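Working notes, structure below.
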Amino acid sequence: MRLPSIGHSRRMALGCAFGVTVVLAAISGVAADAAFPFGHELMLDARPMKGSKRVPMLDIRANGATEIDLWCNSVQGQIVVSRDTITITTGEKTERQCEAERMRGDDEMLSALSQVTSWRVQGDMLILTGPRTFRFRMETN
């Protein structure tokens, strides 16, 4: 019986290490879905617009149904998550009248949210990425 060479043992160890890395990467991809903050309220990490105390919020239910409070109005939506990709669809917004700047902010935010394509959680922040990046802080109360 021939004993394997030292080079062969190192190749085997590297192969095993690579296999473990692949398995861990696959597990972490599945865990990312579980980490999405379904069932939470999240507040945009931004200051209120001048003359208002309101800051956009997402109330994400366990089934992905979402209430989006904007700078002025609100809208019902749906969030669909698959691994690290996300799709946000929205319905019609309410018809509250506000200052032109806040109403324009609503339109810009809805447009940008509809273009979001990926997400990640970093600490207590949900980060949504598309042409614009949004940081939403998870409510702890």
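The values are calculated or read from the model by the stated rules, or taken from the named source; none is laboratory data. Here the structure is a predicted model, which means the values were calculated and not measured. Glycine gets a Cβ as well: all are built from the backbone with ideal geometry, and neighbour counts include every protein chain shown.
Listing for the model above:
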item: Per-region count, the range 110-130, residues out of contact with any strand residue (DSSP E or B) (no Cβ under 8 Å at 6 or more places or on another chain) and modelled with pLDDT of 95 or more; result: 2
item: Residues that are out of contact with any Phe, Trp or Tyr (no Cβ under 8 Å at 6 or more places or on another chain), in a helix (DSSP H, G or I) and acidic (Asp, Glu), drawn from the range 102-141; result: 107, 108
item: Residue satisfying all of: in the range 31-77; among the aromatic types (Phe, Trp, Tyr) and farther than 17 Å from residue 95 by Cα; surrounded by the fewest Cβ atoms within 10 Å (Cβ to Cβ) among these; result: 38
item: Which numbered condition residue 140 misses (of (1) touching a strand residue (DSSP E or B) at 6+ places or on another chain (Cβ under 9 Å); (2) closer than 17 Å to residue 59 by Cβ); result: (1)
item: Matching residues in the range 48-98 - criterion: being of a type in the set (D, E, K, R) and out of contact with any Cys (no Cβ under 8 Å at 6 or more places or on another chain); result: 50, 53, 59, 61, 67, 69, 83, 84, 92, 93, 95
item: Condition met for residue 77 (part of a strand (DSSP E or B), in the same structural domain as residue 41 (by TED's automatic domain parsing) and of a type in the set (Gly, Ala, Ser)); result: yes
item: Residue match in the range 71-89 (condition: at pLDDT below 95 and on the phi > 0 side of the Ramachandran plot); result: yes
